[in-house]
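Working notes, structure below.
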Amino acid sequence: MKLYTKLTLILIFATSNLFSQKDYRAILEIRGATEEFCISKDSTFWIATKTGDTYFSEGFAKPWKYGTFKTNEYDLVSGRTFERTSFFNRDTGYISGFIQKDGKQDFIYWTNDGGKNWQEVKFGKSSWIDANYIDYDGNAWMSGNSQLIYYSNDFGKTWTSFDKIESTGNMRINTIYFENTKKGIVGDFWNRIYLTEDNCKTWTKIPSPLDQKKYVRTNKNIRPTIYKAQIFGNNIIINQQNLIFWSKLDSIQWNELSDMIDFSYDKSSNKLFAISRDLKVHLLDSSFVSNWTSESNLVSAPISLKTLNGTLYAWHRAELTKVNESEFLYTPMYTLENPIVTPYVTAKATRKTWGG
């Protein structure tokens, strides 16, 4: 009896200590809009926003920190409209978007020390960078309102320019993807899709789903934008006006994946992840049939998807989800650099306090 009482007291004391520990983690408040996040091959995470702010984490479920570029609500930052960060590894990466100095937008911010210091690296003619793609071997492609394509094979340190795909007209690339250093695909804001087999030297135009009348453009004021395009084996998968389509490369006939809202292909594992309207995660085979479906749902439609080593990462503004066939993990994006916000209103009862 004495032993039982002693064990009970120890358990009560330990439980009391556990629940009395203060949680110093605050949810990361992200200033400014952005449509992308970045994950390096070393599993470090980065976000850059249109307000000129940067954030990073050393890994999934690790605390987030503020980057060197940081503003507050009283700052009036000009010429630092960041669209994205692109990190090849833990140390080396760059920031692109609308970055301006002395009336020119012909440089990116580049780092090789994990974002502690940033250099201005010129890439070519002034351009607001709309489209960007990197691989983890040091190759990178960018394009923007200059309509040129910029290429680097040394982790973004130096760049060369390729001519416009269309010498005349208003083509402005919105998405760019390369299967390897030669074979790539681009899509623009105005219903155009091009393929290259020689790293941007020559291009072949292919019909879009809209060209093939696979859907009806009901609102002429909304651009028929190609939001995302990727090559998956001998197939292409794209997002046009938030509708998902796929086709064989050697014979372009678009088929709609009507139940899907987003996708991301992982070249390293040859896995194509897709998100269905019920927010389940699927793995699609080469016939674009689901051969695996997650039991759990995502917390919301993701802002952005990335893949690494056979795993899908989904970003939901204040949360991240990590998914593969063996795990489905969710974590809020918290920081130790801010205090937890005190509730504006509290209501106190005999044993509990509520804040709202």
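Okay, here's what the table says:
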read-out	value
Residue 8 vs. criteria open to solvent by 20 Å² or more (accessible area, probe 1.4 Å), at pLDDT 95 or above, farther than 21 Å from residue 304 by Cβ and of a type outside the set (A, V, I, L, M, F, W, C)	no
Some residue of segment 212-225 being open to solvent by 10 Å² or more (accessible area, probe 1.4 Å), among the aromatic types (Phe, Trp, Tyr) and closer than 16 Å to residue 143 by Cα	no
Filter result (assigned to a strand (DSSP E or B) and over 19 Å from the mean Cα position of the chain (by Cα)) within segment 95-110	99, 101, 104, 107
Of all residues in segment 249-268 being part of a loop (DSSP other than H, G, I, E, B), within 25 Å of residue 205 (Cβ to Cβ) and not small (Gly, Ala, Ser), the one that is least open to solvent (accessible area, probe 1.4 Å)	254
Any chance residue 203 is in contact with a strand residue (DSSP E or B) (Cβ under 7 Å, 6 or more places away or on another chain), surrounded by fewer than 22 Cβ atoms within 10 Å (Cβ to Cβ) and modelled with pLDDT of 95 or more	yes
Test result for residue 222, without any contact (Cβ under 8 Å) to a residue 24 or more places away in the chain and not basic (Lys, Arg)	yes
Residue that is more than 23 Å from residue 247 (Cα to Cα) and among the aliphatic types (A, V, I, L, M), where the choices are 173, 129, 193	129
Any strands (runs of 3 or more DSSP E) falling wholly within segment 120-192 and containing at least 1 residues that are open to solvent by less than 40 Å² (accessible area, probe 1.4 Å) and among the aliphatic types (A, V, I, L, M)	129-134, 140-144, 149-152, 173-178, 184-188
Residue within segment 11-27 that is modelled with pLDDT of 95 or more, open to solvent by less than 20 Å² (accessible area, probe 1.4 Å) and either touching an Asp or Glu at 6+ places or on another chain (Cβ under 7 Å) or of a type outside the set (Asp, Glu) (or both) present	no
Tally, over segment 40-57, of residues that are of a type outside the set (Ser, Thr, Tyr), touching a strand residue (DSSP E or B) at 6+ places or on another chain (Cβ under 6 Å) and open to solvent by less than 10 Å² (accessible area, probe 1.4 Å)	5
Options 152, 208, 161; residue that is among the small types (Gly, Ala, Ser) and either over 29 Å from residue 110 (Cβ atoms) or in contact with a His (Cβ under 8 Å, 6 or more places away or on another chain) (or both)	208
Unmet criterion (only one of (1) over 22 Å from residue 31 (Cβ atoms); (2) open to solvent by 60 Å² or more (accessible area, probe 1.4 Å)) for residue 110	(2)
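The values are calculated or read from the model by the stated rules, or taken from the named source; none is laboratory data. This is a predicted model, so every value here is computed, not measured. As a convention, Cβ positions derive from the backbone with ideal geometry for all residues, glycine included, and neighbour counts pool all protein chains shown. In case anyone asks, the SASA skips ligands and DNA or RNA and just uses the protein heavy atoms, side chains included. Shrake-Rupley method; radii C 1.70, N 1.55, O 1.52, S 1.80 Å.
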